[in-house]
Structure formats: structure tokens, C-alpha cells
Amino acid sequence: MKKNFLNLGKQPIANSFLSSISKKSLRSEYFYKLLVSFDTKSFLVSVKEPVNPKIQYTDKYAHRASESKTMRAAFKTTALKLQKRFKPKMIMEIGSNDGVFLKNFPKKKVIAIEPCKNLAEITKNKFKTYPNFWNKKLSKKILKKNSKIDLIFSANTISHIPNLKETFQAIFNILSENGVLVIEDPSLSSIIKINSYDQFYDEHVYVFSALAIDNIVKRYNLLLFDVEKISNHGGSLRYFICKNSSNYKKTLRLKNIIEEEKKLGLNNFNTFKEFAKKVHKSKKQLVNLLKKIKKKNKKIISYGATYKSTTVFNYCRLGINFFHYVTDTTKNKQGKFTPGMHIPILSPEKGFNESVDYAFLGAWNFKKEILTKEKKFIKSGGKFITHVPKVKIVS
Ligand code: TMP
């Protein structure tokens, strides 16, 4: 049974940055109710009413995985590790974005699946790219021209697809007998531990735990045999899944992580009710801190126009009443406005200068990279504000 535990209010599509804030474009802005629920049987946490993927993954999709130095390095290391461990002949990625992972393998060995046409366009001349949503029909189409796949990789994508049944059945179809499916997604335990409620937005239809993945893949003749903690996106899990009939055995590391999740209460609805109380408190504290700073006539901006900050801004009702603007390095976000709260987005060259007193870390998951990069700002008295794991000023 699905039970709601968190109401983050009316939210826009996190990646729908607006080119204009004319009356006409504001009238067509899409909003949905962001309610988060817990399934008491499978222990799966999900957005109650997912948005239609056709509205989300369009040819305007803004995120480029290659933008961050941290992520470029992480994908390279992952590719090398997976190559060494599984020695795959054929590799396929579901949600290949701009090719940041697949470019680390020989061209002929890879297949990219990317439904956002603008992203598929980037990789189509580099390697075989299917500009489609992942489903059984596509798996059959690929199999007509290719052998079965030994390594299927999917980072921050499976959690975006509402229909898990179709997704895993299609994976089962195309996976070779001893093939491995590797999924990476933000982990529920990290979110609960660091109170990063902004990991809930339209794209994150699901926030997985090892407990939930173990329960779900079983339904499709698949087996979760290993899991690894990784630091991406404030704490993620990398799941290793094979066919029931293959040779892999459950690792001790998996058993330990499942035990840790049980201790944290990820199989218990009360844990999520407590979490919701903390989220509410975090909102109050952030708004109060910003009000206090604003009273002193200080200039506050937000650093990184992230999808996560869409949740924070709309939940806490933070707009130009608090932030002068948002800075972001992504070219196709610059000159636009944030979804829902309509804060202008500038390039760091234009907006991140000595006039700024405080910068809210929208991209808190890149805190280390950002604090290293912005030493000059901090030295000259500039301060960062974060809400994760607690609302505070980082000096
Ligand atoms: P993500 O958390 O969804 O990956 O998005 C991070 C966003 O933050 C992305 O739009 C790029 C932006 N960003 C900056 O503007 N400056 C930076 O130094 C970093 C690391 C990210």
C-alpha cells in the first residue's frame, strides 16, 4: 500500500527553464503537485503522480552531464572499473546524455539510448545512438541488428522512468545470459541522513534503496547481487543486477548495506514521517536566515541553476524577493529564468563578482569543487549558504 509522507507543494518541471517571462509564456507553464509516498510492501519511495515523460524529456533538455569536472572524472573511473571487472564485449547505456560515460569505451562496442533529441544529436556521429525512450519495442529493434548486451549501464535514469515493469522486462530481453545491469541513482539513505529533500522533483519518480531494488527486480527474473556506495550527487548507490539464471552470488557488501538500511528504518513508514518533519523545519530555517541577511541589505545570489534548487525555491517560495539572480556555467541555461519562481540566470562571468555577499549553494552536491574554485570569493569575505545537511553559512 502506498502512503504519502511529504507534500512539497505545487512544482514546475525542474528542467523547464523559461526563455521569457511574458504573460503568454507564464500562462503555459506546467505545474504538478509534488507528493511523495512510501510503498509499505516493496519499500519503494516514489512521486505519487509522475509527470508524463514526453513533457519532461524534450529537445530542450538542459542538463549536460559533461558540465562538471567531478562528473567527467567519476564517469571515466567507473568505465575503467566496469571494463576491468566484467570485460563486456557490448555495452549499452540507457540515458546516455552527452556521451560522458560511453566515450570511455571503443566506439564499435557501444550503443547509446537517449530520448532527448538535442542530446542524441551530440552523440549520433560518435557512436550508435537511438533517440528513443527505453522500452520493449526498442529492445527488440536493437536486437534485430545487434548481439545481446553484456553490460547495460544507466546512471540517474532508471529512477526517472515511471514504468519499471516495462523497463526491467526490456532489460531482461536484451541482456546476455551472464550480462550485468549496473544502475546508479541517488540513495534514499543519504537523502534521509542529510535531509536533502530537494532530491525529490519530477524527474526522480523513484528514490531507490537496496531494499526496494532487491524486491522489485525479483519480479522480473532478475537478481540484485552487489551494491556499492558512491559519492555522486550527495550519496548514491551503484546496483549490480544479473539474470536469476546467471552465475553471480550475493555479496557480503550487499548484505551489509541491506542491514544498514533496515537499521536506518528504510522499511518503516515512521522513518519517513519523521523525515517530513525535518524537511518542514529546514524550510523555516532557510527562509529565516535569508530574511535576516536581506534585512542587512546584503546581496544574495544562488550558485548553480540545479533541478534540486527548483524544488527548494518553489517549496520555500524563494524568488527575486531574496535572490538577485542565479549563476550557472551551462550555456543553455544562461539568459533564461528558473522554473516556477522565475529568477534570472546569468553566466558566472557576468554575475559572480565582488558585488555578491552571499551565494546559496544550489549545486551543494559539488560543494568541494565549488569551494576550491571560489577561494578568491571566500577570501574577500564572500559567504556560501547551504541547506544540506543543515541550514548554515559556510565561510
Ligand atoms: P546537477 O546538480 O543537476 O548536476 O547540476 C549542477 C548545475 O550546477 C549545472 O547546471 C552546472 C552548475 N554548476 C555551476 O554553475 N558551477 C559549478 O562550479 C558547478 C560544479 C556546477
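The values are calculated or read from the model by the stated rules, or taken from the named source; none is laboratory data. Note that this is a predicted model, so its numbers are computed, not measured. Quick reminder, even Gly has a Cβ in these numbers, built from the backbone with ideal geometry, and neighbours come from all protein chains shown. Ligands, DNA and RNA are excluded from the accessible area calculation, which covers all protein heavy atoms including side chains. Shrake-Rupley method; radii C 1.70, N 1.55, O 1.52, S 1.80 Å.
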- Task: Let me know the Rg and Dmax you get for the range 138-213 when you use only its Cα atoms, in Å.
- Result: 14.5, 46
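What do the square roots of 5 times the Cα gyration tensor eigenvalues come to for the range 274-339, in whole Å, largest first, as semi-axes of the equivalent ellipsoid?
Each semi-axis is the square root of five times an eigenvalue, giving 22, 17, 8 Å.
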- Message: Given 20 °C and 1.002 mPa s, compute D for the chain with the Stokes-Einstein relation, Rh being the Kirkwood radius over Cα pairs; round to the nearest whole µm²/s.
- Response: 98
- Amide H to amide H under 5 Å from Leu6: which residues, 5+ apart in sequence or cross-chain, H placed 1.01 Å off N in plane? Val36
- Task: Over the range 212-251, consider all pairs of different Cα atoms and compute the Kirkwood hydrodynamic radius from their mean reciprocal separation; express it in Å, one decimal.
- Result: 10.8
- Measuring with a 1.4 Å probe in the full set of protein chains, what accessible area per residue, in whole Å², belongs to the range 249-334? 52
- Item | Accessible surface of the chain, 1.4 Å probe, proportion on carbon and sulfur as whole % | 54
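Please report the net charge: other residues with Cβ closer than 13 Å to the Cβ of Ala65, K and R +1, D and E -1. Don't jump to the answer; show the numbers that get you there.
Working: positive: Arg64, Lys69, Arg72, Lys76, Lys103; negative: Glu67, Glu93, Asp98, Glu114, Glu184.
Taking every other residue near Ala65 into account, the sum is 0.
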- ³J(HN,Hα), Karplus 6.51/-1.76/1.60, whole Hz, each residue of the range 7-16, x for Gly, Pro: 10, 9, x, 6, 10, x, 5, 4, 9, 8
- Could you size up the charge dipole of the chain around its Cα centre, putting +1 on the beta carbon of Lys and Arg and -1 on that of Asp and Glu, and report it in debye to the nearest 20? 340
- Cα convex hull of the range 1-142, projected area averaged across orientations, nm²: 11.8
- For the Cα atoms of the chain, what angle does the longest principal axis make with the long axis of helix 164-174, in degrees from 0 to 90, nearest 10? 40
- Message: Can you tell me what percent of all Cα-Cα pairs in the range 177-254 are more than 15 Å apart?
- Response: 55
- Between the range 89-142 and the range 1-47, the alpha-carbon center distance in angstrom: 28
- Spherically averaged projected area of the range 22-93 from its Cα convex hull (nm²): 9.1
- What GluC sites (Glu not before Pro) in the range 327-395 are in a loop by DSSP, with at most 13 other Cβ atoms within 10 Å of the Cβ? Glu354
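Roughly how many Å² is the accessible area per residue of the range 1-158, as a whole number, for a 1.4 Å probe?
51
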- Task: Taking the chain as the reference, fit the longest principal axis to its C-alpha atoms, fit the long axis of helix 69-86 to the helix C-alpha atoms, and give the angle between the two in degrees, 0 to 90, nearest 10.
- Result: 10
- Inter-site label distance for Lys350 and Ser25 at 7 Å from Cα along Cβ, in nm: 1.3
- Note on the structure: Here, Lys263 and Lys136, labelled 7 Å along Cα→Cβ, have an inter-label distance in nm of 4.2
- Task: Treat every Asp and Glu Cβ in the range 265-368 as -1 and every Lys and Arg Cβ as +1, leave all other atoms uncharged, and give the resulting dipole magnitude about the Cα centre to the nearest 20 debye.
- Result: 460
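How big is the shadow of the Cα convex hull of the range 254-395, averaged over all directions, in nm²? Don't jump to the answer; show the numbers that get you there.
Working: hull surface 40.9 nm².
Taking the Cα atoms of the range 254-395, their convex hull projects to 10.2 nm² on average.
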- HN-Hα couplings for the range 225-236 via Karplus (6.51, -1.76, 1.60; θ = phi - 60°), in whole Hz with x for Gly/Pro, come out as 10, 7, 8, 9, 7, 10, 8, 3, 6, x, x, 10
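I'm checking a number: the convex hull volume of the Cα atoms of the range 225-324, normalised per residue, in Å³. What is it?
Each residue corresponds to 145 Å³ of Cα convex hull volume.
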- Computed, not fitted: 222 nm per-residue ellipticity of the chain from DSSP H runs ≥ 4 (each -39500 (n - 2.57)), nearest 500, equal to -10000 deg cm²/dmol
- Counting only DSSP beta bridges with both residues in the chain, tell me the antiparallel percent, nearest 5. 55
- Message: Using only Cα atoms and rounding to the nearest 10 degrees, what angle (0 to 90) does helix 269-295 make with the longest principal axis of the chain?
- Response: 30
- Would you work out which of Ile158, Ser16, Leu361 lies farthest towards the positive end of the dipole of the chain, given +1 charges on the beta-carbon of Lys and Arg and -1 on that of Asp and Glu, about the Cα centre? Leu361
- Task: List the residues whose amide H sits under 5 Å from the amide H of Tyr325, counting only those 5 or more places along or on another chain, with H placed 1.01 Å from N in the peptide plane.
- Result: Ser302
- Note on the structure: For the range 321-330, in residue order, the Karplus 3J(HN,Hα) values (coefficients 6.51, -1.76, 1.60; θ = phi - 60°; whole Hz; Gly and Pro = x) are 5, 10, 9, 5, 5, 10, 10, 8, 7, 6
- Stretch gain in nm, segment Lys281-Asn7, where the contour uses 0.36 nm per residue and the Cα spacing is subtracted: 97.3 nm
- Spelling it out for Phe384: with amide H atoms placed in the peptide plane at 1.01 Å from N, the residues 5 or more places away or on another chain with amide H under 5 Å from its amide H are Ala359, Val394
- Measuring from centroid to centroid over Cα atoms, what is the spacing of the range 289-367 and the range 150-229 in Å? 31
